[in-house]
Amino acid sequence: MEKINIIIAGPRGRMGREAVNLVMNTNHFELAAVVDHKFDGMMLSDLEGYQAAVNVPIYTDIEKCLQAVEADVLIDLTTPEAGPHHAKTALLHSVRPVVGTTGFTKEQLLELEQLCQEKELGCIIAPNFAIGAVLMMKFSQMAAKYFPDVEIIEMHHDGKLDAPSGTAVKTAEMISAVREPKKQGHPNEKETLNGARGADYNGMHIHSVRLPGLIAHQQVMFGADGQTITIRHDSYNRASFMSGVKVAVETVMKQNVFVYGLENILE
Ligand code: NAP
């Protein structure tokens, strides 16, 4: 199999560290460089907790990194502020982005989609790389055809910056594609504490829980006369996301289109 040269943005983060391990432990993946917002000019192996084998340069400027390094794919696992800029700059340099960073706006996604079309390059953005989470979204979409009353409860660690989670928004989008818009709850309901009913997406409600100890969890609850169904997925560690990242890196090399959501590349 031909080697895929990879840049990782956010290599010191919880997801980024797992991605570094994935790339180092996959025969046909090669780590070319990393992008951080600290430690410019140092080698990743100079930092505490990294093996000598990860002797790749750290760049704080993605533009300089892409000029200096031959790469095929950028894996971005950073922040909602940095991620969109990284993905756009990568495409401008004909490098294919695989983005796990969440919190991109609709406008930012549209801009990246247009850039992919212009450059005829692949880009995969997945708010959740856990294959089990993709199945949870697909099963929820199936259930929503018969159970249009639904509440989404997403639960994450308290270090998460964006709310609701990208997975919750994606689930709501997938459910919206199969159900008529419907305002749920009592027509005259009134919140006596702001936010008690959660965020509103086409009439369905999304609730965000943030607690230390959690990783990434989501429960989709459907209710109908005399019955409920609950579909739930739990990620207990960040390694759970890496099989999806691996599939995305391999797939982005073969496709010249913009893809949003891992479910669109899983066979
Ligand atoms: P994290 O531990 O906070 O890692 C983010 C890393 O990015 C940190 O090392 C941070 O450095 C670094 N960073 C900040 N600004 C940067 C910049 N401009 N350039 C390069 N690096 C920068 O967060 P995480 O849990 O790994 O999550 C990262 C992203 O992935 C988040 O958006 C999260 O929601 C998302 N996520 C996605 C999935 C999925 O399956 N798609 C799963 C889990 C998480 P400092 O610590 O020095 O600020």
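The values are calculated or read from the model by the stated rules, or taken from the named source; none is laboratory data. Please read these numbers as outputs of a predicted model, since none were measured by experiment. A quick note on method: Cβ atoms are made from the backbone with ideal geometry, for glycine too, and the neighbour counts reach across all protein chains shown. In case anyone asks, the SASA skips ligands and DNA or RNA and just uses the protein heavy atoms, side chains included. Shrake-Rupley method; radii C 1.70, N 1.55, O 1.52, S 1.80 Å.
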Taking the stated definitions as given, is Gly103 among the small types (Gly, Ala, Ser) and at pLDDT below 95? yes
Criterion first (closer than 21 Å to Val259 by Cβ, out of contact with any His (no Cβ under 8 Å at 6 or more places or on another chain) and either open to solvent by 30 Å² or more (accessible area, probe 1.4 Å) or more than 16 Å from the ligand (Cβ to nearest atom) (or both)) does Leu135 satisfy it? no
When Leu31 is run through (1) of a type outside the set (Lys, Arg); (2) touching a helix residue (DSSP H, G or I) at 6+ places or on another chain (Cβ under 7 Å); (3) near the ligand (Cβ under 9 Å from one of its atoms), the failure sits at (3)
Do any strands (runs of 3 or more DSSP E) entirely within segment 9-112 hold 2 or more residues that are basic (Lys, Arg), open to solvent by less than 30 Å² (accessible area, probe 1.4 Å) and more than 21 Å from Ser240 (Cα to Cα), and if so, which? none
Given (1) within 16 Å of the ligand (Cβ to nearest atom); (2) β-branched (Val, Ile, Thr); (3) surrounded by fewer than 23 Cβ atoms within 10 Å (Cβ to Cβ); (4) within 21 Å of Arg210 (Cβ to Cβ), Ile153 misses just (1)
